[in-house]
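Student: Before we start, here is the structure in question, set down as structure tokens.
The values are calculated or read from the model by the stated rules, or taken from the named source; none is laboratory data. From a predicted model like this one, the values you see are computed outputs, not experimental measurements. For neighbour counting, all protein chains shown are included, and Cβ atoms are generated from backbone atoms with ideal geometry for every residue, glycine included. Surface areas here come from the heavy atoms of the whole protein model, side chains and all, with no ligands, DNA or RNA. Shrake-Rupley method; radii C 1.70, N 1.55, O 1.52, S 1.80 Å.
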Amino acid sequence: RETRYEVEVKARYRQRFPLVAREYLWVPNTCGCPALSQGGEYVLMARRHVNHEHTLNRLLLQDDAYARPWTPREARLVREAARHC
């Protein structure tokens, strides 16, 4: 089972695939991530999942992924990492 969230992409970091301003994010119901609240801001480590037939193309927040509420500390860490990469 999975839950689908409609998300607004506000910032991108180290993206290896194209993102649009509005995306659907799929999260397995077994994910240990915090529940994503409507209107909340988060920093996420998600993967693009494309099946072999190329009929499915979606963002997937896997069980081992990263999801945290966006805070000033997270903003600072992302800015610092962007300077080094």
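Student: What nm distance separates the two modelled labels at Arg48 and His84, each placed 7 Å from Cα along Cα→Cβ?
Tutor: In this crude spin-label approximation the distance works out to 2.6 nm.
Student: Considering only protein heavy atoms and a 1.4 Å probe, what is the carbon-and-sulfur percentage of the accessible area of the chain?
Tutor: On the way: 3330 of 6710 Å².
Percent of accessible area from carbon and sulfur atoms in the chain: 50.
Student: Using modelled amide H (1.01 Å from N, peptide plane; none on Pro or chain starts), what sits under 5 Å from the amide H of Thr3, excluding residues fewer than 5 places away?
Tutor: Val27, Asn29
Student: Any chance you could give the angle, 0 to 90 degrees and rounded to 10, that helix 72-84 forms with the longest Cα principal axis of the chain?
Tutor: Approximately 90 degrees, to the nearest 10.
Student: Moving to a separate point now. Find me the longest stretch of the chain that has none of the exposed chymotrypsin sites (Phe, Trp or Tyr not before Pro), where exposed means in a DSSP loop (not H, G, I, E or B) with at most 16 other Cβ atoms within 10 Å.
Tutor: So the longest stretch without any such site is 14-69.
Student: Can you give me the relative contact order of segment 24-85 as a percent, contacts being Cα pairs under 8 Å and 6 or more apart?
Tutor: Reported relative contact order: 38 percent.
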